[in-house]
Amino acid sequence: MRKIFFVLMVFLTMAWNIAVAAERDVEIQGKTLTSKKPPFAITLPGAFNLAHSSSYENPRENSLTRVFFLVNAKEKQVEEMLILQIADKTNPQADPMTVPPLKPYAEKRLYSKGKVKKGELEVDYLIQLMAWNPEAPSLQPILKKGFIISPIWALQGQFLFLYQGEHAAYFRYSKNINSFGTKVSEKGEDWGKEIIKGNEKRVYETFQKMFLEMIHSIQIKNL
């Protein structure tokens, strides 16, 4: 029993140290998020707070993934959410990292998809409508911190980029459709890409502008 307890304590200590180290790798000042590894800075659409961070190893892919959950909340009610995943190559002898193409949750709610060139950097992105699911296992750490995530539709933008074959950064930014200050439909069928109009279309266009500005604000160092 004593040996099992010792092994468990060592494991928990290592996990905690990894999580703390991961948190130090990302810094937020105002609307600016700065990453130390890979070295980049990006301007966020709002004032976010880091709510949770974690990391996990991928031995088959020769990589370690760090995950950062950021939220912008009003009286603990989450209005905007940003999930940043950074994958780091752990085996110097392995081939350069690759990433799969971005895919929407549903084609009928995919509004735009494309690439943005930032010097030698190529950023893949897409914008879609998706549903926040507070029952999702990945969101439980946020809920345990006392934040409230409503089961509602949200506009989401995803983008990713590779850095010198050693790192991959993947962003998922979403915003509650009711947090734009405009009355919109909460029915998914009113948000189909072929029929979206009125306030729903205006809200999407506002989101698209914010999202693309975030991508264009990326500043990469040592590329």
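The values are calculated or read from the model by the stated rules, or taken from the named source; none is laboratory data. Everything quoted here is computed from the prediction, not taken from an experiment. Note that each Cβ is placed from the backbone with ideal geometry, even for glycine, and that neighbours are counted across all protein chains shown.
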Restricting attention to segment 55-70, the residues that are more than 10 Å from the chain's Cα centre (by Cα) and either more than 15 Å from Val99 (Cα to Cα) or of a type in the set (Val, Ile, Thr) (or both) number exactly 6
Going through (1) modelled with pLDDT under 95; (2) over 21 Å from Ser35 (Cβ atoms) one by one, Lys113 fails only at (1)
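Condition check ((1) surrounded by fewer than 18 Cβ atoms within 10 Å (Cβ to Cβ); (2) touching a strand residue (DSSP E or B) at 6+ places or on another chain (Cβ under 9 Å); (3) more than 20 Å from Glu79 (Cα to Cα); (4) of a type in the set (Gly, Ala, Ser)) across all residues:
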site	(1), (2), (3), (4)
Pro141	yes, yes, no, no
Ser150	yes, yes, no, yes
Tyr173	no, yes, no, no
Trp191	no, yes, no, no
Phe207	no, yes, no, no
Q) Just wondering, is there one or more residues in segment 210-223 that are in a loop (DSSP other than H, G, I, E, B), buried (at least 17 other Cβ atoms within 10 Å of the Cβ) and not hydroxyl-bearing (Ser, Thr, Tyr)? A) yes
Conditions (1) within 30 Å of Gln93 (Cα to Cα); (2) of a type outside the set (Gly, Ala, Ser); (3) crowded, with 17+ Cβ neighbours inside 10 Å -> Gln164 fails only (3)
The number of residues in segment 20-62 that are closer than 29 Å to Asp95 by Cα and either hydroxyl-bearing (Ser, Thr, Tyr) or part of a loop (DSSP other than H, G, I, E, B) (or both) is 12
All-but-one check, Leu102 against (1) touching a Lys or Arg at 6+ places or on another chain (Cβ under 8 Å); (2) under 21 Å from Phe180 (Cα atoms); (3) assigned to a loop (DSSP other than H, G, I, E, B); (4) not hydroxyl-bearing (Ser, Thr, Tyr), failing number (2)
Does Ile86 fit the bill of being among the β-branched types (Val, Ile, Thr), under 29 Å from Gln219 (Cα atoms), surrounded by 12 or more Cβ atoms within 10 Å (Cβ to Cβ) and touching an Asp or Glu at 6+ places or on another chain (Cβ under 8 Å)? yes
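Every residue, every condition in (1) exposed (fewer than 15 other Cβ atoms within 10 Å of the Cβ); (2) in contact (Cβ under 8 Å) with a residue 40 or more places away in the chain; (3) under 17 Å from Ile218 (Cα atoms), yes or no:
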{"position": "Arg24", "(1), (2), (3)": "yes, no, no"}
{"position": "Ile28", "(1), (2), (3)": "no, yes, yes"}
{"position": "Asn72", "(1), (2), (3)": "no, no, no"}
{"position": "Val78", "(1), (2), (3)": "no, yes, no"}
{"position": "Met97", "(1), (2), (3)": "no, yes, no"}
Per the list (1) surrounded by fewer than 15 Cβ atoms within 10 Å (Cβ to Cβ); (2) closer than 16 Å to Asn176 by Cα, residue check on Leu129 breaks on (1)
